[in-house]
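Please read the structure below before turning to the comments.
The values are calculated or read from the model by the stated rules, or taken from the named source; none is laboratory data. Being a predicted model, the structure only gives us computed values, none of them experimental. All Cβ positions, even for glycine, are placed from backbone atoms using ideal geometry, and neighbour counts span all protein chains on display. Surface areas here come from the heavy atoms of the whole protein model, side chains and all, with no ligands, DNA or RNA. Shrake-Rupley method; radii C 1.70, N 1.55, O 1.52, S 1.80 Å.
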Amino acid sequence: MTSSDTRRAAVRAGFSLGLAVGGSGLAFGATAVTAGLSVAQACALSLVTFTGASQYALVGVVATGGSLAVGAVGALLLGGRNTLYGLRLADLLRVTGVRRLVAAQGVIDETTAVAVGQPDREAARAGFWTSFATLYALWNLSTLVGALGVERIGDPAALGLDVVAPAAFLAILWTRLRADPVARWVALGGAGLALAGTPWLPGGTPVLLAGIAALAAALLGRVPRREVVAGSAPRGPGDTGSAPGGPGRADGAGSSGGTR
């Protein structure tokens with residue numbers, strides 16, 4: 001496969017993932033307004049934060065009468081996993097200046113999965129920027145539509161929109177899990193930690209704990225660096241011919257979601 005072929009495949013992967021996940025912003029927009037936020041506030045969260053799990057965490061606190069400060073702390077905690085992704089992508093993308101600041105905004109579950117799943121740097125860049133642009137545009141547009149149409153949509157969970165992003169992330173990860181037993185053990189270990197901590201830890205913390213544990217395993221040399229959850233290399237939908245659904249993010253855009 002030539003470099004232009006791999007680049008086109010990466011673009012297809014990023015675009016198809018963006019289309020599949022971007023619409024899940026409908027659920028966030030509806031949930032945010034239902035929780036008491038205005039349409040402008042819901043849209044501002046999507047524009048600036050652009051990571052579904054953190055956005056849902058903040059909205060969840062507001063919905064139960066908590067303060068914005070407490071909600072912001074939870075959102076920052078959840079967003080910490082994107083720092084792990086950034087460590088992996090910094091060397092892969094090698095962007096500088098203003099482009100580096102823009103790229104930082106797009107480091108979420110889905111864009112990371114597409115980027116690290118490519119065979120070379122140029123394809124990784126193409127996949128990252130395509131998935132970022134598509135997801136960012138659709139996530140924000142669907143947030144606006146969901147916020148404006150909340151009375152007609154009713155309960156977003158009834159439409160299944162809250163599971164789109166996790167399903168998409170699992171779909172693009174599935175090929176790697178099937179092919180690599182080490183990746184399966186890392187994934188199972190992380191899932192076990194997350195499940196064990198769910199009854200006792202604040203929302204979102206178990207996922208972050210699982211990511212840190214996988215990173216620690218890599219640093220100790222128990223698994224190759226490329227198998228870390230934050231830097232795993234699943235094939236994108238363009239590589240497997242399947243079309244997956246954040247922002248999530250494993251729990252991201254919409255992990256209600258998301259994995260973003």
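Taking a ≥ b ≥ c as the square roots of the Cα gyration tensor eigenvalues, the range 51-136 comes out prolate, since a/c reaches at least 1.5 and a/b is larger than b/c.
Multiplying the residue separation of residue 5 and residue 195 by 0.36 nm and subtracting their alpha-carbon distance yields 64.4 nm.
Scoring 14-22, 98-106 by mean Cβ neighbours within 10 Å over their residues and listing the highest first yields 14-22, 98-106.
The mean accessible area for residues of the range 11-67, using a 1.4 Å probe and ignoring ligands and nucleic acids, is 35 Å² per residue.
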